[in-house]
1. Does residue 125 satisfy being on the phi > 0 side of the Ramachandran plot and either at pLDDT 85 or above or surrounded by fewer than 12 Cβ atoms within 10 Å (Cβ to Cβ) (or both)?
2. Mind telling me which of the residues 111, 86, 60, 29 ends up being touching a helix residue (DSSP H, G or I) at 6+ places or on another chain (Cβ under 8 Å) and in a helix (DSSP H, G or I)?
3. Is it the case that residue 100 is in contact with a helix residue (DSSP H, G or I) (Cβ under 6 Å, 6 or more places away or on another chain), modelled with pLDDT of 90 or more and closer than 20 Å to residue 147 by Cβ?
4. Return the only residue of 20, 55 being surrounded by fewer than 24 Cβ atoms within 10 Å (Cβ to Cβ) and in contact with a helix residue (DSSP H, G or I) (Cβ under 6 Å, 6 or more places away or on another chain).
5. Looking at the range 145-161, which of the residues that are more than 14 Å from residue 38 (Cα to Cα) and surrounded by 15 or more Cβ atoms within 10 Å (Cβ to Cβ) is farthest from the chain's Cα centre (by Cα)?
6. Give just the number: which of (1) more than 17 Å from residue 150 (Cα to Cα); (2) surrounded by fewer than 16 Cβ atoms within 10 Å (Cβ to Cβ); (3) at pLDDT below 90 does residue 93 not satisfy?
7. Out of (1) under 20 Å from residue 87 (Cβ atoms); (2) touching a residue at least 12 places away in the same chain (Cβ under 8 Å), what's the single condition that is false for residue 9?
């Protein structure tokens, strides 16, 4: 149930930021709500629920991009599991740390997409130097993650039951 909630919230974030991007001329410089959601869950969930969330959000993003089925899903799962493996070696917490991890994850995700496309035989190109650096998208994701972190933490506390251990003498 908690996994489904995060999938719905990530999909809503993708829809909202896609609508905002469609209203302006700067559509390629939008925060990536799906990657941000997966980055948040990578340090808080087990690999199975993380992979399920990554596949579902990758599917949403892939359908929106009209990409081949499996491309975004594969890249999102590889990014999520890679981040979970690396998270054990990272020492940090707080909103700035999460925002930096989310921004780095956006860059890693798009690099994985380019590599998977290249391995599939597609010609991979970028529209400009700014989009090829992926820094504008990462910077905007950093700002969104910084603002969203307290809300996401509060939501995580609400949906995750508190664990209590007690002795039973019966």
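The values are calculated or read from the model by the stated rules, or taken from the named source; none is laboratory data. As the structure is a prediction and not an experimental result, all values here were calculated from the model. Virtual Cβ from ideal backbone geometry, glycine too; neighbours counted across all protein chains shown.
1. no
2. After applying the criteria, what remains is 60.
3. no
4. 55
5. 155
6. Going through the list (1) more than 17 Å from residue 150 (Cα to Cα); (2) surrounded by fewer than 16 Cβ atoms within 10 Å (Cβ to Cβ); (3) at pLDDT below 90, residue 93 breaks only (1).
7. Among (1) under 20 Å from residue 87 (Cβ atoms); (2) touching a residue at least 12 places away in the same chain (Cβ under 8 Å), residue 9 violates only (1).
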